[in-house]
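Asks: This is the structure, below, for whatever I ask next.
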Amino acid sequence: MVGILLAFFFASAARDQQPAPSRPIVPATSSGADIAESMLQRLDPSLLQRAGQAGLYRRDDYPVRRALNPFFLSGDFDGDGVPDIAVSVTQRSSGLNGVIVVPGHLRTVYFLGAGHSSENLNGTQKRGEVDADAWRVLSAGSVVRSFTTLPEVGAVSGRPFTFTRDSLEFHWLGKSSFAFLFQDGRFWEVWTGD
């Protein structure tokens with residue numbers, strides 16, 4: 001009886017199979033790197049893909065940098081109650097690393113480094129670059145000792161500072177750390193470790 005059922009199952013499965021689509025996933029003229037990038041793009045967060053479709057993000061100019069693990073983080077960075085993402089990228093023309101923050105509302109994007117104006121040097125000694133060994137989301141309400149005096153956000157060097165919304169913190173392992181807090185329509189850099 002089991003043999004008859006198995007034979008029926010395999011015969012039905014073979015009869016119901018549809019032929020595979022004939023169009024390739026990537027053009028036959030693509031290089032190995034192009035094929036790998038095409039496959040990796042499928043791992044990108046949907047919000048980043050939608051930012052590209054909306055013309056807010058150009059993958060050719062700012063490819064995703066997957067060397068930083070994880071290569072993207074999620075949080076409510078702008079405090080509007082809608083989840084946002086931050087993705088590690090490299091500006092292709094300069095080779096400078098940074099982050100693109102894509103708010104969930106998809107009206108704009110923010111670059112931290114990646115060749116964009118930056119008041120910080122954060123250990124790289126390259127203006128326009130934001131890079132570190134590791135990064136994480138500091139949840140709203142997180143309290144750290146500030147190593148920055150920044151009256152615009154209420155940070156005073158040597159005193160506890162409370163992050164009012166989710167923020168991105170970058171770490172140079174065994175060295176220093178800094179975070180970006182979104183307030184008043186822009187990101188502010190607060191040093192969180194020395």
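The values are calculated or read from the model by the stated rules, or taken from the named source; none is laboratory data. Note that the structure is predicted; figures quoted are calculated from it, not measured. Counting neighbours? That spans all protein chains shown, and the Cβs are built from the backbone with ideal geometry, glycine included.
Let's see how each residue does on (1) touching a Gly at 6+ places or on another chain (Cβ under 6 Å); (2) at pLDDT below 85; (3) closer than 26 Å to GLY52 by Cα:
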| site | (1), (2), (3) |
| --- | --- |
| LEU112 | yes, no, yes |
| ASN122 | no, yes, no |
| LYS126 | no, yes, no |
| TRP135 | no, no, yes |
| ALA140 | no, no, no |
| THR148 | no, no, no |
| ALA155 | no, no, no |
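Asks: Is it the case that region 145-165 has a residue that's part of a strand (DSSP E or B) and acidic (Asp, Glu)?
Replies: No, because not a single residue in region 145-165 is part of a strand (DSSP E or B) and acidic (Asp, Glu).
Asks: In region 153-185, how many residues are without any contact (Cβ under 8 Å) to a residue 60 or more places away in the chain and basic (Lys, Arg)?
Replies: 2
Asks: Going by the conditions given, is THR192 of a type in the set (Val, Ile, Thr), in a strand (DSSP E or B) and at pLDDT below 95?
Replies: Yes; evaluated as a whole, the condition is true for this residue.
Asks: Going through ASP80, ASP84 one at a time, which residue ends up being acidic (Asp, Glu), touching a residue at least 12 places away in the same chain (Cβ under 8 Å) and either surrounded by fewer than 20 Cβ atoms within 10 Å (Cβ to Cβ) or in contact with a helix residue (DSSP H, G or I) (Cβ under 7 Å, 6 or more places away or on another chain) (or both)?
Replies: ASP80 is the lone residue from the list that is acidic (Asp, Glu), touching a residue at least 12 places away in the same chain (Cβ under 8 Å) and either surrounded by fewer than 20 Cβ atoms within 10 Å (Cβ to Cβ) or in contact with a helix residue (DSSP H, G or I) (Cβ under 7 Å, 6 or more places away or on another chain) (or both).
Asks: Quickly run through region 143-153 and pick out the residues that are more than 14 Å from TRP191 (Cβ to Cβ) and in contact with a strand residue (DSSP E or B) (Cβ under 7 Å, 6 or more places away or on another chain).
Replies: If we filter region 143-153 for residues that are more than 14 Å from TRP191 (Cβ to Cβ), which is where we start, we get 143, 151-152.
Scanning region 143-153 gives VAL143, GLU152.
Asks: While we're on this one: Please list, ordered by residue number, the helices (runs of 4 or more DSSP H) wholly in region 1-94 having 3 or more residues that are of a type in the set (Phe, Trp, Tyr) and modelled with pLDDT under 55.
Replies: Passing ranges, in order: 2-16.
Asks: All but one of (1) under 19 Å from GLY98 (Cβ atoms); (2) aromatic (Phe, Trp, Tyr); (3) surrounded by 17 or more Cβ atoms within 10 Å (Cβ to Cβ) hold for TRP172; which doesn't?
Replies: (3)
Asks: Residue check: is GLY98 without any contact (Cβ under 8 Å) to a residue 40 or more places away in the chain and part of a loop (DSSP other than H, G, I, E, B)? Show your work before the answer.
Replies: Working: without any contact (Cβ under 8 Å) to a residue 40 or more places away in the chain: yes; part of a loop (DSSP other than H, G, I, E, B): no.
Taking the combined requirement at face value, the residue does not satisfy it.
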